[in-house]
Amino acid sequence: MVCHTAIIEGEDSESRLTEMLEEMGSEYPAPEAALQYSTVMAEMSWSRPRIRNEEEMKNSITLAFVTDIHAGELIEYRPGKEALGLLGRFVKHINGLDVDAVIELGDRVNNVDGSHDYAVQEQVQAVLCHLAPPRFSLSGNHDVHYVTKEDNQQITGMPSSYYSSIVSNFRLIFIDTADPVQGHCGGYVSAPQLEWLKGQLSMDMLPTLVFGHHPITVQNQEGNPFFADLPGEEKIGNSGEVLEVLLNGKNVKTYFNGHVHWFYASMEQSVRSFSIPSLLESYPLKEHAPGRYALATISHEGTVDLSLHTLCPMRTLGRIVL
Ligand SMILES: [Fe+2]
């Protein structure tokens with residue numbers, strides 16, 4: 001089953017999601033003791049976005065982020081079989097929160113071959129379509145390894161491989177950083193897409209948030225087990241060009257990405273930049289993925305109040321205001 005928006009509401013949705021996950025044979029990774037406290041943790045204020053007053057509601061947006069879901073087979077330190085269970089847990093938790101939109105930043109699949117990847121991508125969508133808030137996806141390097149961009153769009157409901165939308169008086173722009181993939185897994189943004197981006201950023205003065213799979217910044221990857229030995233492939237190959245376009249845009253506030261599987265925050269002149277950690281990354285183990293995700297409230301002025309969380313066990317890791 002594939003759907004592009006939440007079509008099932010309320011308690012019925014929750015029980016159908018649980019049934020569906022059982023049918024898919026998703027392995028639920030949580031130890032008993034961790035699960036016991038999850039309901040309590042979900043109710044605690046630090047597991048939720050900061051409560052906004054009426055004025056803040058008018059001048060901000062709250063987003064939930066999930067990225068690098070890597071469903072499918074176990075590859076390296078990504079236990080793909082745990083992904084759907086964790087994602088189902090994410091969906092149930094987010095549906096109890098007050099968020100304006102959910103952003104999924106790519107690498108939905110541990111790529112094996114075309115038919116495997118297509119089927120797994122459909123399973124990921126079957127879970128994500130139980131989200132109550134609007135959800136926006138973009139593709140990462142693993143999504144397009146064996147599955148075409150057109151098929152990724154058809155499965156996820158993306159109107160194109162790069163596109164924009166307006167939510168809560170913010171312009172949200174989703175770029176395709178696998179345009180094309182460079183080397184093993186590095187990113188790139190093509191000249192035609194850069195022209196399109198320039199046009200998007202000159203339209204009006206709406207505060208603008210940009211999302212892509214690969215980082216836009218040069219990050220120190222020392223200690224990152226996947227990118228320390230792949231210099232340059234942790235980011236968009238022509239990140240300097242993309243950053244220049246963002247800096248010359250009318251009102252770009254922030255760039256969010258996945259890909260590096262860990263958290264990173266920086267300020268590039270006027271543009272804030274955040275790497276959201278992977279849902280499934282389990283290094284140095286090959287099981288018991290913690291289920292990382294993030295919540296962020298961004299003001300019209302651009303201040304980002306971002307918190308990091310895990311689902312299994314449910315914990316809050318910290319918060320940054322930048
Ligand atoms: Fe990834």
Taking 7 Å along the Cα-to-C-beta vector as the label spot, tell me the Glu73-Ala191 distance in nanometres, rounded to one decimal. 4.0
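Based on DSSP, what percent of beta bridges with both residues in the chain are antiparallel, to the nearest 5?
60
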How big is D for the chain, in µm² s⁻¹ as a whole number, if Stokes-Einstein is applied with the Kirkwood radius of its Cα pairs at 25 °C and 0.890 mPa s? 126
Which of the DSSP-defined H helices in the chain satisfy a minimum axial length of 20 Å, computed from C-alpha atoms, and a minimum mean Kyte-Doolittle hydropathy of -1.0? 114-128
Take the chain, connect every pair of alpha-carbon atoms lying under 10 Å apart with a spring to form a Gaussian network, then pick out the residue of Thr208, Thr177, Thr303 with the largest mean-square fluctuation. Thr303
Once you order the gyration tensor axes a ≥ b ≥ c over the Cα atoms, which shape class does the range 176-229 get: rounded for a/c under 1.5, otherwise prolate or oblate by comparing a/b with b/c? oblate
The range 99-215: C-alpha gyration tensor shape, a/c 1.5 cut-off, then a/b vs b/c: oblate
The chain: relative contact order from alpha carbon pairs under 8 Å, six or more residues apart, as a whole percent, is 21
Divide by every residue of the chain the summed helix terms, -39500 (n - 2.57) for each DSSP H run of at least 4, and state the resulting mean residue ellipticity at 222 nm, rounded to the nearest 500 deg cm²/dmol. -7500 deg cm²/dmol
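No value in this document is a laboratory result; all are computed from the given coordinates. All values reported here derive from a predicted model rather than from experimental measurement. Here Cβ is always computed from backbone atoms with ideal geometry, including for glycine, and neighbour counts include all displayed protein chains.
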